[in-house]
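Worksheet: one structure, shown below.
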Amino acid sequence: MSLRDDIWKQLKGMSVDELISALLKDGFVLDAIVRTQRIYRHDDGRKVSIHYHSGRRTYGPGLLKALLKDVAWTEKDLRRLKLIR
């Protein structure tokens, strides 16, 4: 997923909890917890592994881009989930 600069500016400060909330709203379910990873699956076959650390609340740009690629949300999805304006 290639993100325009204006969209990326809105996403780059997204917290782990905001990402998980959006996953759940989109139909992902928690499938497993393995150490610090929470694995979410969607009925359509998508899967994403979220590294959850209690002290760290946001991801670096590279990891966030990789997570968004795995989730395969379009710009329309990001708007529907209220992650961007």
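Only the coordinates and a few stated rules stand behind these numbers; no lab work does. Because the structure is a prediction, the values reported are computed rather than measured. Methodologically, a virtual Cβ is constructed for each residue, glycine included, from the backbone with ideal geometry; neighbour enumeration extends over all protein chains shown.
A few notes on this one:
- R38 passes every criterion in (1) touching an Asp or Glu at 6+ places or on another chain (Cβ under 9 Å); (2) of a type outside the set (A, V, I, L, M, F, W, C); (3) under 22 Å from K9 (Cβ atoms) apart from (3).
- When the residues of region 7-19 are filtered to those that are without any contact (Cβ under 8 Å) to a residue 60 or more places away in the chain and in a helix (DSSP H, G or I), the one that is nearest to L83 (Cα to Cα) is L19.
- The set of residues in region 25-57 being surrounded by 12 or more Cβ atoms within 10 Å (Cβ to Cβ), aliphatic (A, V, I, L, M) and touching a Phe, Trp or Tyr at 6+ places or on another chain (Cβ under 9 Å) consists of L30, V48, I50.
- Among (1) small (G, A, S); (2) touching a residue at least 24 places away in the same chain (Cβ under 8 Å); (3) farther than 16 Å from D77 by Cβ, the one test that A22 misses: (3)
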